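Here's the structure we're looking at; comments come further down.
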Amino acid sequence: MRAGSAARSAATELATDRELAVDVVEPRRVSSQWDAIVWQGLASGASATRSPASVAALTPSAPTHCTAVDHPPPLPMVSAVAPADVPFADLVASLDRATAARSSRFIHLAAAAAAEALEDAEWAPAGTKAALRTGVALGSGMGSMADIHDGTLALVDPERGPRRISPFFVPRILVNLAAGTVSIAHGLQGPNHAVATACATGAHSIGDAANFIALGYADVMVAGSSEAALDPLALTGFARAKALSTAWARTPEVASRPFDQLRDGFVMGEGAGVLVLEEREHAIARGAHIYAELQGYGLTGDAHHTTAPAPDGRGALRAMRMALRRARVPVEELDYINAHATSTSLGDAVEYSAIHKLLSDAEASEPLLVSSSKGAIGHLLGASGSVEALITVLALHHGVAPVNTNLENIDAALDSELVELVQHKSRKAELTYALSNSFGFGGTNVSLCFASGPAAVE
């Protein structure tokens, strides 16, 4: 499935004349027909959320109940479906049999997404000088929680013990092995980079990759992130932190509801999103299909709290302002924001407030369109930033601001006249500039500024 591409004057944040193109963006989600879920489904307001019982086959230790948390069973909903929709053979098609066997699920997801993105970009530089100028920037928020969980159980089990720990245990859990595996599989010898910044991982990966191109370290970067954390240990940890939705067990498809007055926590998902970023002239010279451009990258820290955002939204606000400033885009020209909003009471309100402050000094003629993808696809943790960057590119490409799935009644506290939360159905609109926001534990904030693509090749 061809997804997207971008070009023109990205990387204006750096003192360089190297311009950036995002050639192709290709997501891989654990769902049937990613395009139906990620774009067509998203635009129509469909939901990918399921109960844990429906994803019991995802991993050997997939959760079906919960007894170790302060919430009654069943375990909070997850955003994924049975793996029959994405056959294992498809996930590992780009890997040799030995590599596939010794790699964990988050690596498989990243490898599948990267292979599809490279194929879609028609870029296969292995064995050529171009391979030296093609790098990889792939991250993960949590790596392989299932391996850590299962390995610990084996170690403390007298009947299993240390001999049951795989000699590949360490490479199976290391976050950078997604990038390493993709680099090896495709012979990519440029920068080999891995990010682990919680839920901002994917956005950091994309922004860092853009900077590698702008600084001359590479001409092409395979960038994004993956996550496979649907394991009882990870789910229990988030449940203990009271971060997960628990009020919608009987109707899981409506559990993730960013900005809604009845939101009560996020819904975990898993998957991967990968983009191919390319220097503009390089992309044009080889006839790459260009959909949108990455123009600005803003990143900040709250310096406030381990898990909670700064209540005044200062870090998020600075990240958005930085992305727009680097892109040289006035706030008045911004058309859409793909919000990080995860469906938590505090997080959604803080981000909304930051967006209001961003717009308060502008002289916009109409409210800014804002939506969160997580009502439809759940929260993919470390993979969310790259998948949502893809969605932002597709929004620009199609001229459609996706609906906030499950936004039935807007929280009365979110009443800015400057912000229009897209409700009931997606909005057809002329979209030229958009931000994609990603925030994470530790107070890390990222905002990516994209511009629509046709102008990039005029």
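The values are calculated or read from the model by the stated rules, or taken from the named source; none is laboratory data. No experiment lies behind these values; they were computed from the predicted model shown. Cβ atoms come from the backbone with ideal geometry, glycine included; neighbour counts cover every protein chain shown.
Just a few scattered comments:
- Which listed residue, of 215, 174, 188, is surrounded by 24 or more Cβ atoms within 10 Å (Cβ to Cβ) and in contact with a Ser or Thr (Cβ under 9 Å, 6 or more places away or on another chain): 188
- Filtered residues of segment 360-381 (kept if touching a residue at least 60 places away in the same chain (Cβ under 8 Å), under 21 Å from residue 449 (Cβ atoms) and not hydroxyl-bearing (Ser, Thr, Tyr)): 369, 374
Okay, residues lined up against (1) surrounded by 23 or more Cβ atoms within 10 Å (Cβ to Cβ); (2) out of contact with any Phe, Trp or Tyr (no Cβ under 9 Å at 6 or more places or on another chain); (3) on the phi > 0 side of the Ramachandran plot:
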position	(1), (2), (3)
110	yes, yes, no
114	yes, yes, no
120	no, yes, no
133	no, no, no
136	yes, yes, no
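- Scanning segment 265-311 for residues that are at pLDDT below 90 and of a type in the set (Val, Ile, Thr) returns 284, 290.
- When segment 165-193 is filtered for residues that are under 17 Å from residue 206 (Cβ atoms) and touching a helix residue (DSSP H, G or I) at 6+ places or on another chain (Cβ under 9 Å), the ones remaining, listed by number, are 175, 178, 179, 182, 188, 190, 191, 192, 193.
- Residue that is surrounded by the most Cβ atoms within 10 Å (Cβ to Cβ), among those in segment 138-147 that are modelled with pLDDT of 95 or more and among the aliphatic types (A, V, I, L, M): 138
- Among residues of segment 197-211 that are of a type outside the set (Phe, Trp, Tyr), those with a beta-carbon under 6 Å from a residue that is surrounded by fewer than 24 Cβ atoms within 10 Å (Cβ to Cβ) at least six positions away or on a different chain give the pairs 197/444; 198/441; 200/444.
- Count of segment 283-303 residues which are surrounded by fewer than 21 Cβ atoms within 10 Å (Cβ to Cβ) and more than 21 Å from residue 347 (Cα to Cα): 5
- Residue in segment 145-166 that is assigned to a loop (DSSP other than H, G, I, E, B), under 19 Å from the mean Cα position of the chain (by Cα), within 21 Å of residue 102 (Cβ to Cβ) and not acidic (Asp, Glu) present: no
- Selection status of residue 224, buried (at least 24 other Cβ atoms within 10 Å of the Cβ), touching a strand residue (DSSP E or B) at 6+ places or on another chain (Cβ under 9 Å) and assigned to a helix (DSSP H, G or I): no
- Considering the conditions (1) outside any helix (DSSP H, G or I); (2) among the acidic types (Asp, Glu); (3) at pLDDT 95 or above, residue 208 is excluded by exactly one of them, (1).
- So residue 121, is it touching a Leu at 6+ places or on another chain (Cβ under 8 Å) and either at pLDDT below 95 or assigned by TED's automatic domain parsing to the domain that holds residue 92 (or both): no
- Qualifying position, being within 22 Å of the chain's Cα centre (by Cα) and buried (at least 24 other Cβ atoms within 10 Å of the Cβ), among 369, 396: 396
- Taking strands (runs of 3 or more DSSP E) as the structural unit, those lying wholly within segment 237-354 and holding at least 1 residues that are closer than 30 Å to residue 119 by Cβ, touching a residue at least 60 places away in the same chain (Cβ under 8 Å) and among the hydrophobic types (A, V, I, L, M, F, W, C) correspond to 271-279, 292-301.
- Number of residues in segment 124-155 that are touching a residue at least 60 places away in the same chain (Cβ under 8 Å) and either hydroxyl-bearing (Ser, Thr, Tyr) or assigned by TED's automatic domain parsing to the domain that holds residue 386 (or both) equals 3.
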